[in-house]
Each structure stands twice: as C-alpha cells, then as structure tokens.
1. Consider the range A:1-44. How many of its residues are surrounded by 16 or more Cβ atoms within 10 Å (Cβ to Cβ), in a helix (DSSP H, G or I) and within 14 Å of another protein chain (Cβ to nearest Cβ)?
2. Just for strands (runs of 3 or more DSSP E) wholly inside the range B:105-171: which have at least 3 residues that are more than 10 Å from the ligand (Cβ to nearest atom) and open to solvent by 10 Å² or more (accessible area, probe 1.4 Å)?
3. Output the number of the condition that B:Glu336 fails; it satisfies all remaining conditions of (1) surrounded by fewer than 16 Cβ atoms within 10 Å (Cβ to Cβ); (2) within 11 Å of chain A (Cβ to nearest Cβ).
4. Could you figure out which of (1) assigned by TED's automatic domain parsing to the domain that holds A:Glu276; (2) more than 22 Å from A:Arg272 (Cβ to Cβ) isn't true of A:Ala130?
5. Looking only at the range B:294-312, which residues are open to solvent by 10 Å² or more (accessible area, probe 1.4 Å) and within 9 Å of chain A (Cβ to nearest Cβ)?
6. Just the residues that are basic (Lys, Arg), at pLDDT 95 or above and more than 14 Å from A:Val116 (Cβ to Cβ), please, taken from the range A:133-172.
7. Determine the pairs where a residue that is away from chain A (no Cβ under 12 Å), located within the range B:348-375, has a partner that is more than 6 Å from the ligand (Cβ to nearest atom) and among the acidic types (Asp, Glu) with Cβ atoms under 6 Å apart, the partner being 6 or more residues away or on another chain.
Amino acid sequence: MNLVLTEEQRELRDTVRSFLVAASPLPDVRRAAESESGYDPAVYRRLNGELGLAGLIVPQEYGGAGAGYAELAIVLEETGAALLPGPFLATALATILLTELGDKELLPDIAAGTTVATVALDGDRALNGAEADVVLMVDGARVRAVRGGGRTPLTTLDPTRRQARVESVAGEAVASSEAGMERVRDLFAVAVAAEQLGVLRASLDAIVAYSRIRVAFGRLIGSYQGVKHKLADMHCKLEQAESIVRNAAWAADEAPGELPLAAALAQAYVGRACFEVARDSLLLHGGIGFTWEHDAHLYYKRAKSDEVLLGPPRIHRARLADLLEL
Amino acid sequence: MDLEEYRRRARSWLEANARRSRDEDDPGADGVAAAKAFMADLYDAGYSGISWPAEWGGQGLSQAEERAFAEEAKDFTLPTYVFSIGLGMCGPTLVDLGTPGQKARHLRPLLRGEEIWCQLFSEPGAGSDVAALQTRATETEDGWVVSGQKVWTSVAQHADWGLLLTRTDVDVPKHKGLSMFVVDMHAPGVTVRPLRDMTGRAHFNEIFFDDVHIPAENLVGRVNDGWNCAVTTLLHERLSISSGVGMGGQKDNPVAFEALRHTVDTGDHLVRDQLVELYIRSRALALFNQRLAQETKAGMFPGARGSAAKLLLAELSMFQADLATSLAGPEAVAYEDDGRLAGSISLAPALSLGGGTNEIMRNIIGDRVLNLPPEPRVDKTVPFKDLKTGTRQ
Ligand SMILES: Cc1cc2nc3c(=O)[nH]c(=O)nc-3n(C[C@H](O)[C@H](O)[C@H](O)COP(=O)(O)OP(=O)(O)OC[C@H]3O[C@@H](n4cnc5c(N)ncnc54)[C@H](O)[C@@H]3O)c2cc1C
C-alpha cells in the first residue's frame, strides 16, 4: 500500500499547482465561468499541450503518457483546489471508461486535447454535456458514443461547472462489459474523491489564512478557541481524507480486489468531509462569506455538487454495507 | 526486508505467541509476572524496541517497522499494558535525552520487561497546564531532594522507575524553572496510593514524595531545561497512543467494528448504517496512521500531527463504546455476564483525558500544525511564585 507521494509525484503536483495558480486564479475562474462556453479554452490548450494532462492516463500507444490513477488523482486534486471550470473532470471520466474497456479509437484525439468527451452519469445528464464533442451514454453494461443530438443546458448550483441533458440519439457502440463497468464506476468514485480532496484542502487553506488576518475584539480570530478548535477538527478531516484518497488511488493501480471497498469509502467519507469543511470555512468567514464576491460559496457549491454527483450519498454507504456483508 | 515482508513475519510470530490473555486493568501480581514473561519472549524474538538503537538493546529499525508491528498487534491481545508508559514515553525520552549511563542502565531492562516505568508529570493543580506544577527538587551536596505530590499516575503501583518532572526554580517564569529526573519508585519517602477510577478499578495512583533523595546522575537533560524534556516526552506520548505502540491490541475489544458486526442485528437498516459509520471512522483513522508510518519511513517526522491522530483515536473510542452500548440496549447496563459493554463505556473517557485532553490536542493542532495566532497569555512572563495556579474558590 502506498500512501505517500513519490518524488516524481510531488513534482507533478507542484507543476500542476503552479501552472493553475498562474494561469487560472480565482478571478479568472469567475470570468471564464460567466463566458459563453463556461471555461477558457486557452487554459485548456496549455494544460493539454504544455502539461499533456488530457492524455495523462491514456496509454502511450494512443498518444498519452500512460500514467496511473495515483497520478490522475494528484492532478484532479489540484484542478479541484483551483476550481478549474470546464470539462477537465468530464473528460477524465470519459478517458477512464475508454481506457479501461472502450474501443480505443477516440483516445488519440482526447489525448491530443482536440476532442472533449464526457459521460452521461445517470441516463442523460452529463457534466459539460453541451460543450462536449462526444458523450458516452451508459445503458447497463453497454456504452455508446454519441456525437451531435440535442443538448439542453441545465441551470447548476455550481457556477464553475456546467451540466446538460443529452438527447439520446443513436451512437456507435464502444463497450459492453458488466464487470468492466463496475470497475469503471469505482474509478469514477476515486476520481471525484480526488477532486473533493482538493476542494477540501483549498477551502481549509482559505479560512486558515483569513483567521490569521481578521481581527475582532482586539484579537485575531484564529486565536479564539471557538475558531481554532473548529479549524483543528477540519484539519483532522483533511488528514483522513488524504489518506483515504491515496489508498483508493493505490488500489486502483495496484490492488484491483481492494478497489471496490476503497472507492466506496472514498465517496462515503471524502464527499461528506469536503462539504462539511467548505461549509464551516464559509461560516467562519462571517458575513463576507455569504456574498457573491467572496469565493467561499464557490467551494461550498462545488462541494455539494460533487457530493451528489455520482448519486445520493446514501448509495455509497449502502454499497459499503454490501461489500462488508453487513 | 521490505515492510510487507516484515509485517508478514511479525504476523506469524504473533499468531504463534500472542494468545496469552490480558487483564489490562489491574493485572495484580500474577498478571504482572505473566506480562514480564511475555515481554521477555517479545524481546528475544526481536519485537521489543523495534526502532530503538541497537547499542541500547533495540533492533535499530525505523518507526515504520515499529508502527507496522503495532498495527499487526492490534488484531491480537498482548499483555503489555503495564509496560505501555515505559515503552511509549519514558524509554523514548531517555533514548533522545538520557546520558550514556542512563541508557546503559535502564533501556535494556525496560525492553526485556524486567522493570516497569511510570510517568510523573500531572499534579492536583497542574494537568493540562503541567508547567504549573509545584513538586520541588532542591539541590544537595550529592544530588537532589524532592517533596510534593503527583496524581493520575498510570501503573505506578507496579512501577520500579518513574520519569519525574519537578520545579527547581520559582523565581523565573514557569516554563523556565523545571527539571526532569529518573526516580527510583522503591526509594525511601515515596508513597504510592492506588486511586479507584470510574471503572471501579485502579488504573492510576497518587504519589507522595517526602524528602526523597535522587542521585545527581539521575538528572535528565539540563537543570531548568525540564520543559523541553517534557515536550519530548509528550510528543512521544501522542504518537505512541495513536499508533498503538506498547498498547495491548484490539482483538478482544467488544466495541470495535469486527466484534460488533457479529453481535448486532444487521438485518435492521438503521443498525447497518450505524455500523457503516463505525467502519468509515475506524478505517479513516487506520489509513491516516498508516500514512504517518509511511511518511516517517520516508524521513518525514509527523511531529504535532500526532496530536491529530491522538484526538481522532480518543473520539473514535468514545464513539464506538457509545454506539455499542446503544445498539445493545438495556442489557448493556444491567447484566449477569462479565459486563464488557458497561466496562467499555466506563473506560471510554480515559483516552480523551490521559495524554492531554481533546481541547489541548485542538490547541496544539491549531498552534503548531496550522500556525494559527496564539491566545493571549498571562502566564509566560510572570515569575512562577507570583502566578495563579491550581483550583481557586
Ligand atoms: C486514565 C488516565 C491516565 C493518566 N495517566 C497519567 C500518567 O501516567 N502520568 C501523568 O502525568 N498524568 C496522567 N494523567 C493525567 C492527564 O494527563 C490529565 O488528567 C490531563 O492532562 C488533564 O489535566 P487535569 O486533569 O488537571 O484537567 P484540567 O487541566 O484542569 O482540565 C479541565 C478542563 O479544562 C480544559 N482546559 C484546560 N486548559 C485548557 C486550555 N488551555 N484550553 C482549552 N481548554 C482547557 C481541559 O480540556 C478540561 O476539559 C492521566 C489521566 C487519565 C484520565
């Protein structure tokens, strides 16, 4: 079991982190989110070009870097922390599906960053469904790739990530495997948990920084135990969430038998922890936290949207109960 | 040998040797003799002092092996309770700060289970605020004379040696006038009185020192540098509690997930979900502890983050005993059998108090891990003799 980043993994994390800090700071995130497409294609061109992130887990023979899920988790943690708008997660989920069991035809264009793909998660609702060139529609064990067809944008709680309803038109069959789809769903759980870990970390960092500069009653608010102790509890959640995500990503790469339990745990724990920390971070900011201008609500809304992205949270707990044979 | 292989070997040794039963509470003379015999076996097999330096009787391996063994041991019952203070706190402090003479004299007998240790920090007026302690050590021609009272001292009724924190200067602020000693618990003037705790048994004691002579060579660290020594002990304490080093194991813990799943009605959806919650919390903490172990192995010292693990363990212990008794219902609190659930709910608060309270852990995480601004303090600059301490009417 590997729960600590290697030297190269730390480098990957630092590279992605400093890129996002420079290329997509939160004011830019807001501007991009309000634009026509909801994201900045220039950022994606560099993300996919200079950093090669679109092809991160795509096997080398299809033009990717052939990296593992541990690396994907590291990147998703950073894109999550930066609240990167646009189809990064959507395409990552589609890539997982196609790399694991689809036919590989679409992969080279995805790896090159020229095709934006997404997955319809429950029936016809897809992250970034309106912007995607290809939607993978899942019907039980069968998956087909749909191009074109009607796409109806939905209004989303999270202003930094769009969703759409996708018309179920005929498409090309790309996969059919029951066991394969089970594993893919577990991998989705790990991917989303990695993003949640990033959101959790960033919203905790934000309130820790604020509590070092905001004064009330002649003292910095971070010196009040009512604030400090809450932040300590939030830190405990971060420590556990990170451990759970690293374990799940390790299982995805190295221990397929352990993946189902590790993935269900990741959603059950990290999804909740992320929302709780984002919520408390917002609350501890005081009135400013309730404003549109402040970023606290962006973390809060992403956290809630992610918590229910793969279904109501109770399904992860029910899956844990089943896997544990309770 | 890689860590997985080490783990496997440890596990097979435990499977062959760790079946002896534990009476963790007050083992009595027979229990202590059995515990000592077990420690001797553990030592001979190379599993005592795993991360301690080889020249003082340890195995010279890393914290990662130490933690790996402790994790494997959680599935068994080891009668090591009376040694937990020595192994987790006093010994590691001597490894870090002891003189060569102290190491040579004390570490091997500790690891072999020949001598039992206790930690004499808390006093009636100084627990969380241990630097406010009053027990005085006064220098004499050939050493020191100690007078005062300690309290809540675990396993002192069985102890041969104690790690003692005293005041050696009252004219300086409280953190600057403390000194640490090794004290012989059988020395004239030491009185140990077991205290009955809320479980009805005696886990801890009160200790009276009446002009107890301590030889000069028993000073640990430098005179008036006792606070830094105490911080070393407390860091070890939190890490050892959270990782389970020197702790007795979980095998026969009737309120842990593995036990509960067999004793409660999982046909009921509400019960199932409560067990899922227990699984989530237990697994989350176990993985955090494993990550700390792997970081340590990779050369990153967890430091104050050990307080997060200690806090989480205290909360988990309370949560699971609470849950188990609630799930069982009335029979948990009125019984004809050995009353294990009642025993668990009675013992549960111990971990939230001993080794520093949950509030103190949160202060430490806030101050040292998150670097939050400190609270305003009135006690850091005043000479100790002018400071308010203890309980005031
Ligand atoms: C089972 C058990 C075993 C023990 N074993 C040992 C042992 O072997 N050796 C030893 O030396 N001691 C031992 N102790 C003592 C233990 O370390 C103390 O009880 C503990 O540190 C609390 O100190 P106190 O009892 O004086 O409580 P107090 O310090 O009086 O605390 C009372 C309350 O005030 C809170 N409080 C105090 N200061 C602050 C602050 N700055 N911020 C917020 N809240 C605060 C505390 O959290 C607590 O809720 C043991 C205790 C127990 C229960």
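The values are calculated or read from the model by the stated rules, or taken from the named source; none is laboratory data. Predicted, not measured: the structure shown is a model, and the values here were computed from it. With ideal geometry, Cβ positions are generated from the backbone for all residues, glycine too; neighbour counts draw on all protein chains shown. These accessible areas exclude ligands, DNA and RNA; they are computed on the full protein's heavy atoms, side chains included. Shrake-Rupley method; radii C 1.70, N 1.55, O 1.52, S 1.80 Å.
1. 1
2. B:136-139, B:143-154
3. Evaluating B:Glu336 over (1) surrounded by fewer than 16 Cβ atoms within 10 Å (Cβ to Cβ); (2) within 11 Å of chain A (Cβ to nearest Cβ) leaves (2) as the failure.
4. (1)
5. Matches in the range B:294-312: B:Gln294, B:Glu295, B:Lys297, B:Ala298, B:Met300, B:Arg305, B:Leu312.
6. A:Arg165, the sole residue that qualifies.
7. Cβ pairs passing all conditions: B:Gly355/B:Glu237.
Per-residue answers, yes or no, for (1) modelled with pLDDT under 85; (2) open to solvent by less than 20 Å² (accessible area, probe 1.4 Å); (3) closer than 19 Å to B:Gly86 by Cβ:
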| residue | (1), (2), (3) |
| --- | --- |
| B:Arg9 | no, no, no |
| B:Glu15 | no, no, no |
| B:Ser21 | yes, no, no |
| B:Ala37 | no, no, yes |
| B:Asp41 | no, no, yes |
| B:Ile50 | no, yes, yes |
| B:Gly57 | no, yes, yes |
